[in-house]
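Since the structure comes first, as structure tokens, the remarks are kept for the end.
The values are calculated or read from the model by the stated rules, or taken from the named source; none is laboratory data. Keep in mind the model is a prediction, meaning the values are calculated, not measured. A quick note on method: Cβ atoms are made from the backbone with ideal geometry, for glycine too, and the neighbour counts reach across all protein chains shown.
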Amino acid sequence: MDVAAMSVRMNQSMLSQAVSLRVTKMSQDLAKQAGNDMVQLLQQSQSVQPNLGRNIDIKV
């Protein structure tokens, strides 16, 4: 195998790793944003009816 072919394969491998890392970072950012949105939604819903869901009526 010549040097040029090895160089091309090495660059392709590095590009593949960079793309994979970027996609993972994007996925992580989206998951963080979804978590923050969920926390915000829960905080807002508690302020609307703070007593809702505190008691459970059970009959046996």
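Summary of computed values
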item: Hits in segment 1-36 - residues which are of a type in the set (Asp, Glu) and more than 19 Å from the chain's Cα centre (by Cα); result: Asp2
item: Segment 16-43: number of residues that are at pLDDT 95 or above and among the hydrophobic types (A, V, I, L, M, F, W, C); result: 8
item: Filter pass, Lys59 being of a type in the set (D, E, K, R) and exposed (fewer than 10 other Cβ atoms within 10 Å of the Cβ); result: yes
item: Residues within segment 1-15 that are surrounded by fewer than 10 Cβ atoms within 10 Å (Cβ to Cβ) and at pLDDT 95 or above, tallied; result: 0
